[in-house]
Each structure stands twice: as C-alpha cells, then as structure tokens.
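Peer 1: I'd like to ask you about the structure that follows.
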Amino acid sequence: MNTTATTHVDYESKAASYFAEQRLEMLPFIPPSCGRLLEVGCGAGTFGERLKRTRKIEVWGVEPVSSAAEKAKAKLDHVVNGLFDPQSGLPEGAFDSIVFNDVLEHMIAPEQALRYAKVLLSPGGVVIASIPNVRHLMLFWELMVRGRWEYRDCGLWDRTHLRFFTRSSIIKMFQDEGYAIDRITGINPYVGAPNPSRSLCMAYAIVNVLFIGKLADMKFQQFAVIARPSLERSSL
C-alpha cells in the first residue's frame, strides 16, 4: 500500500507554519478515555503537544516530511518519519484513537489508510478525522460566480490535495471501509468568506431557507468525523 500524498519536494517547500497548526477545534473530539493516540501526518507535533498538556495521554505520530518529523520528535512520545503504511512498523491493536487532521485528502488512496488504521486500533478504538468540504460556500463562490479555481499553498485550495469530499462522500468512504460513524459535524463555519462577509453570509442563509435547508453543509470549511470499525478486521 502506498499512501504517499504527492512529491516530497512539494511538502519540503511549504512554510514551517503549514506543519505547526494547533487545530484546537479538534481537541474536544478526542475521547476522554484515550490512553494512546496516533496522529497521522502529525507535522511538527503541535496538536499532539497541546493534547499532552491537557490530559494524561501517550501520543505517537507519523510524518513523511523529515524536517517536520524532527521537530515532532521533541514533543511527542514516538514519531515515525515515513509514510502511513504497513512498512511503518507501527504496533497492531495498540491505539485507542487514530487522528487524521486534514490528511486523508492528501492521499492517493485514503481508503487504504482507513483499512490499515483498523489493524492498528485497539478494541473499541476510533478514527477521528477532519476533512475539507468541497461544497464550502467559498469554493462555490469562486467556481460558480467568479469562474475561478486557483490552487494555493494551504487551505481549501491547497495544491497538494489529491481527493475532494462532501459530507455524503465522507460517510460513504467510511462505511465502504467497514466503519460505523459515531458522529459527523461541520466545523469552522464561514472561514475564508471575503468582505463584506456579513452580506454574503446573509444571502447564503436566505438561499438555504429557499432550498429547505439542503445547503446547510455549505457553510462549513471541514467536517469532523468520529468512526469505529463495524466489521471484523481484515488483513491487508
């Protein structure tokens, strides 16, 4: 299995801040009972470090970019510098939670990553993921109104994104890989809305009412998911 996101140089050229996002909004999704957590794509280890400050927990990380992995090693309990695949040497059945904070969309085969995660989860363990929403209001505005799709260094238009998801396709991917979704919720509403953002948001709210709430998911930049294996683990 190869879950490499894109060429190594694409990530090495990114700003250091790209690998240091705190992702504070994802902290409440980590179960209180989690004793050992694995963060896939841990970057410089900022999220795991913050988590360790707030509770008694062991945090492991996997990070393919060596410069970021070196920084993470000083913050986390154990870091693998490499890809998230069976060659990583991670212990099977050892993790109560496996976290993908805006990582699955960077993978050629995120389905394989979810499959592998099941092998690593302890009994009762969960996968926690933050996944960008391609139906986000600003993506729609740029594409449908302004006729533009311009890649950027980070965010929804990150040039290293390889896969794109909506709420329904996120649910389908997890279910297809044998997961039951405990919770899926929108996070970071209206992030990136241009000035005058208030007018745009009011217009969106009115249109959503006209569509009987069918556009409610468009205000969220990402969806946060908590899912657990619903079927017996299968070997890779």
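Peer 1: Looking at (1) buried (at least 17 other Cβ atoms within 10 Å of the Cβ); (2) part of a strand (DSSP E or B), which is the one condition that is false for Glu142?
Peer 2: Exception for Glu142: condition (2).
Peer 1: Here's something else I'd like to know. Is it the case, given these coordinates, that Leu121 is in contact with a helix residue (DSSP H, G or I) (Cβ under 7 Å, 6 or more places away or on another chain) and closer than 21 Å to Ala224 by Cα?
Peer 2: It is false that Leu121 is in contact with a helix residue (DSSP H, G or I) (Cβ under 7 Å, 6 or more places away or on another chain) and closer than 21 Å to Ala224 by Cα.
Peer 1: Looking only at the stretch 7-42, which residues are in a loop (DSSP other than H, G, I, E, B) and at pLDDT 95 or above?
Peer 2: Once the filter is applied, which keeps residues that are in a loop (DSSP other than H, G, I, E, B) and at pLDDT 95 or above, the stretch 7-42 yields Ile30, Pro31, Pro32, Ser33, Cys34, Gly35, Gly41, Cys42.
Peer 1: Which residues, taken from the stretch 117-139, are assigned to a helix (DSSP H, G or I) and more than 16 Å from the chain's Cα centre (by Cα)?
Peer 2: Lys118, Val119, Leu120, Leu137, Met138, Leu139
Peer 1: Restricting to the stretch 159-169, give me the number of residues that are in contact with a helix residue (DSSP H, G or I) (Cβ under 8 Å, 6 or more places away or on another chain) and either more than 26 Å from Leu38 (Cα to Cα) or outside any loop (DSSP other than H, G, I, E, B) (or both).
Peer 2: 1
Peer 1: May I pose another question? Do we have any residue at all in the stretch 88-102 that's of a type outside the set (Gly, Ala, Ser) and surrounded by fewer than 17 Cβ atoms within 10 Å (Cβ to Cβ)?
Peer 2: Looking for residues that are of a type outside the set (Gly, Ala, Ser) and surrounded by fewer than 17 Cβ atoms within 10 Å (Cβ to Cβ), one finds at least one in the stretch 88-102, hence yes.
The values are calculated or read from the model by the stated rules, or taken from the named source; none is laboratory data. In this text, all values refer to a predicted model and were calculated from it rather than measured experimentally. Using ideal geometry, Cβ is built from the backbone for each residue, glycine included, and neighbour counts are taken over all protein chains shown.
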